[in-house]
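To keep things clear, I will list the structure first and then write my remarks on it.
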Amino acid sequence: METFDAPVDSWHPLSPRYLTMKRLMILIVWPILLLPACAALGWFHEWWSGAVLAALCAGWIFYRWHRMGRVYRQWGYAERETDLYIREGLMWRRLTVVPYGRMQVVTVNSGPIERHFGLATVTLETASAGTDATIPGLPQADADMLRDRLSQLGEQQAVGL
(Lines give C-alpha, C1' and ligand atoms only; values in the text may rest on other atoms or scores of the structure.)
Protein backbone atom coordinates (compact mmCIF):
# COMPACT_ATOMS: atom_id res chain seq x y z
CA MET A 1 0.00 0.00 0.00
CA GLU A 2 1.35 3.41 -0.94
CA THR A 3 1.69 6.02 1.81
CA PHE A 4 -0.70 8.38 0.05
CA ASP A 5 -3.44 5.80 -0.19
CA ALA A 6 -4.08 5.98 3.53
CA PRO A 7 -6.22 3.30 5.15
CA VAL A 8 -9.46 5.24 5.14
CA ASP A 9 -12.93 4.46 3.88
CA SER A 10 -12.98 7.16 1.23
CA TRP A 11 -11.12 10.21 0.05
CA HIS A 12 -13.23 13.28 -0.58
CA PRO A 13 -12.15 15.03 -3.80
CA LEU A 14 -12.25 18.75 -4.49
CA SER A 15 -15.17 20.23 -6.40
CA PRO A 16 -15.00 19.95 -10.21
CA ARG A 17 -15.71 23.70 -10.26
CA TYR A 18 -12.25 24.18 -8.72
CA LEU A 19 -10.67 22.58 -11.79
CA THR A 20 -12.80 24.77 -14.06
CA MET A 21 -11.77 27.89 -12.13
CA LYS A 22 -8.06 27.05 -12.23
CA ARG A 23 -8.16 26.21 -15.94
CA LEU A 24 -9.97 29.44 -16.76
CA MET A 25 -7.31 31.32 -14.82
CA ILE A 26 -4.65 29.59 -16.93
CA LEU A 27 -6.45 30.62 -20.13
CA ILE A 28 -6.73 34.22 -18.95
CA VAL A 29 -3.49 34.93 -17.07
CA TRP A 30 -0.85 33.16 -19.16
CA PRO A 31 -1.81 34.78 -22.50
CA ILE A 32 -1.82 38.19 -20.84
CA LEU A 33 1.70 37.54 -19.56
CA LEU A 34 3.12 35.91 -22.70
CA LEU A 35 1.50 37.65 -25.68
CA PRO A 36 3.29 41.00 -25.22
CA ALA A 37 6.65 39.21 -25.38
CA CYS A 38 5.60 37.42 -28.58
CA ALA A 39 4.37 40.67 -30.16
CA ALA A 40 7.49 42.59 -29.15
CA LEU A 41 9.80 39.93 -30.53
CA GLY A 42 7.87 39.83 -33.78
CA TRP A 43 7.80 43.62 -34.00
CA PHE A 44 11.44 44.34 -33.23
CA HIS A 45 12.96 41.22 -34.76
CA GLU A 46 12.00 38.88 -37.57
CA TRP A 47 8.28 38.13 -37.82
CA TRP A 48 8.86 34.39 -37.63
CA SER A 49 10.66 34.66 -34.27
CA GLY A 50 7.48 36.08 -32.73
CA ALA A 51 5.50 33.25 -34.34
CA VAL A 52 7.89 30.63 -32.96
CA LEU A 53 7.67 32.18 -29.49
CA ALA A 54 3.87 32.28 -29.78
CA ALA A 55 3.85 28.56 -30.64
CA LEU A 56 6.07 27.84 -27.64
CA CYS A 57 3.75 29.90 -25.44
CA ALA A 58 0.72 27.98 -26.74
CA GLY A 59 2.52 24.75 -25.89
CA TRP A 60 3.25 26.06 -22.40
CA ILE A 61 -0.42 26.98 -21.87
CA PHE A 62 -1.49 23.51 -23.09
CA TYR A 63 1.01 21.91 -20.69
CA ARG A 64 -0.29 23.98 -17.75
CA TRP A 65 -3.90 23.10 -18.68
CA HIS A 66 -3.13 19.38 -18.76
CA ARG A 67 -0.99 19.49 -15.59
CA MET A 68 -3.76 21.26 -13.66
CA GLY A 69 -6.04 18.27 -14.23
CA ARG A 70 -3.42 15.96 -12.78
CA VAL A 71 -2.76 18.26 -9.80
CA TYR A 72 -6.53 18.48 -9.17
CA ARG A 73 -6.88 14.70 -9.02
CA GLN A 74 -4.13 14.43 -6.38
CA TRP A 75 -5.92 16.66 -3.86
CA GLY A 76 -8.23 15.04 -1.34
CA TYR A 77 -9.10 14.76 2.31
CA ALA A 78 -10.39 11.97 4.50
CA GLU A 79 -11.99 12.15 7.91
CA ARG A 80 -11.00 9.43 10.32
CA GLU A 81 -12.02 8.71 13.88
CA THR A 82 -9.28 10.77 15.55
CA ASP A 83 -7.63 12.75 12.73
CA LEU A 84 -7.98 14.32 9.32
CA TYR A 85 -5.84 13.26 6.34
CA ILE A 86 -5.05 15.75 3.58
CA ARG A 87 -3.15 14.67 0.49
CA GLU A 88 -1.75 16.85 -2.26
CA GLY A 89 1.09 17.16 -4.72
CA LEU A 90 1.98 15.81 -8.10
CA MET A 91 5.75 15.48 -8.18
CA TRP A 92 6.33 16.00 -4.46
CA ARG A 93 3.46 14.30 -2.72
CA ARG A 94 2.46 15.31 0.74
CA LEU A 95 0.21 13.61 3.25
CA THR A 96 -0.73 15.75 6.24
CA VAL A 97 -2.31 14.12 9.28
CA VAL A 98 -4.05 16.58 11.60
CA PRO A 99 -5.28 15.15 14.92
CA TYR A 100 -8.61 16.69 15.86
CA GLY A 101 -7.41 17.41 19.38
CA ARG A 102 -4.55 19.59 18.04
CA MET A 103 -6.78 21.90 15.99
CA GLN A 104 -7.02 25.39 17.38
CA VAL A 105 -8.68 27.38 14.61
CA VAL A 106 -10.68 26.25 11.57
CA THR A 107 -11.48 29.03 9.09
CA VAL A 108 -13.33 29.18 5.79
CA ASN A 109 -12.03 31.73 3.26
CA SER A 110 -13.49 32.66 -0.09
CA GLY A 111 -12.11 35.33 -2.40
CA PRO A 112 -14.13 37.02 -5.15
CA ILE A 113 -13.19 34.50 -7.85
CA GLU A 114 -13.89 31.56 -5.57
CA ARG A 115 -17.23 33.08 -4.56
CA HIS A 116 -18.18 33.43 -8.23
CA PHE A 117 -17.68 29.67 -8.60
CA GLY A 118 -19.35 28.91 -5.24
CA LEU A 119 -16.10 27.63 -3.70
CA ALA A 120 -14.22 28.12 -0.44
CA THR A 121 -10.94 27.13 1.21
CA VAL A 122 -10.82 25.53 4.65
CA THR A 123 -7.70 26.42 6.67
CA LEU A 124 -6.69 24.47 9.76
CA GLU A 125 -4.37 25.96 12.35
CA THR A 126 -2.91 23.59 14.90
CA ALA A 127 -0.85 23.81 18.06
CA SER A 128 2.23 23.16 15.92
CA ALA A 129 2.97 25.76 13.25
CA GLY A 130 4.47 23.07 11.00
CA THR A 131 1.20 21.19 10.57
CA ASP A 132 -1.14 23.96 9.45
CA ALA A 133 -3.12 22.73 6.46
CA THR A 134 -5.53 23.96 3.81
CA ILE A 135 -8.18 22.28 1.70
CA PRO A 136 -9.00 24.46 -1.33
CA GLY A 137 -11.83 24.14 -3.81
CA LEU A 138 -14.69 22.91 -1.66
CA PRO A 139 -18.27 23.94 -2.33
CA GLN A 140 -19.21 26.69 0.13
CA ALA A 141 -21.85 24.58 1.90
CA ASP A 142 -19.46 21.62 2.23
CA ALA A 143 -16.72 23.91 3.57
CA ASP A 144 -19.08 25.33 6.20
CA MET A 145 -20.22 21.84 7.26
CA LEU A 146 -16.61 20.60 7.39
CA ARG A 147 -15.60 23.59 9.53
CA ASP A 148 -18.45 22.93 11.97
CA ARG A 149 -17.75 19.20 12.10
CA LEU A 150 -14.00 19.69 12.62
CA SER A 151 -14.60 22.30 15.32
CA GLN A 152 -16.96 19.95 17.13
CA LEU A 153 -14.55 16.99 16.84
CA GLY A 154 -11.68 19.19 18.01
CA GLU A 155 -13.62 20.26 21.10
CA GLN A 156 -14.54 16.64 21.88
CA GLN A 157 -10.94 15.50 21.54
CA ALA A 158 -9.65 18.42 23.63
CA VAL A 159 -12.11 17.61 26.43
CA GLY A 160 -10.89 14.00 26.44
CA LEU A 161 -7.26 15.05 27.05
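The values are calculated or read from the model by the stated rules, or taken from the named source; none is laboratory data. Computed from a predicted structure; not experimentally measured. Don't worry about glycine lacking a Cβ; one is built from the backbone with ideal geometry, like all the others, and counts go over all protein chains shown. Note: areas computed on protein heavy atoms with side chains; ligands, DNA, RNA excluded. Shrake-Rupley method; radii C 1.70, N 1.55, O 1.52, S 1.80 Å.
Determine which member of the set 53, 90 is of a type in the set (A, V, I, L, M, F, W, C) and either over 17 Å from residue 26 (Cβ atoms) or touching a Gly at 6+ places or on another chain (Cβ under 7 Å) (or both). So that I can check it myself, show each step before the final result.
Details: 90 fails: either over 17 Å from residue 26 (Cβ atoms) or touching a Gly at 6+ places or on another chain (Cβ under 7 Å) (or both).
Exactly one residue qualifies, and that residue is 53.
Could you tell me which residue of the range 118-139 is surrounded by the fewest Cβ atoms within 10 Å (Cβ to Cβ), considering only residues that are in contact with a Phe, Trp or Tyr (Cβ under 7 Å, 6 or more places away or on another chain) and within 20 Å of residue 10 (Cβ to Cβ)?
From the range 118-139, those in contact with a Phe, Trp or Tyr (Cβ under 7 Å, 6 or more places away or on another chain) are 119, 135-137; that's our starting set.
Imposing the further condition that a residue be within 20 Å of residue 10 (Cβ to Cβ) reduces the set to 135-137.
Numbers: 135: 23, 136: 19, 137: 23.
The selected residue is 136.
Is it the case that residue 143 is under 21 Å from residue 10 (Cα atoms), small (Gly, Ala, Ser), open to solvent by less than 60 Å² (accessible area, probe 1.4 Å) and not in a strand (DSSP E or B)?
Answer is yes for this residue.
Output the helices (runs of 4 or more DSSP H) that fall wholly within the range 1-117 and possess 3 or more residues being open to solvent by less than 60 Å² (accessible area, probe 1.4 Å), or say none.
Per the criteria, 16-44, 47-74.
If residue 125 meets every condition in (1) free of Cβ contacts under 8 Å to residues at least 40 places away in the same chain; (2) assigned to a helix (DSSP H, G or I) apart from one, which number is that one?
Failed condition: (2).
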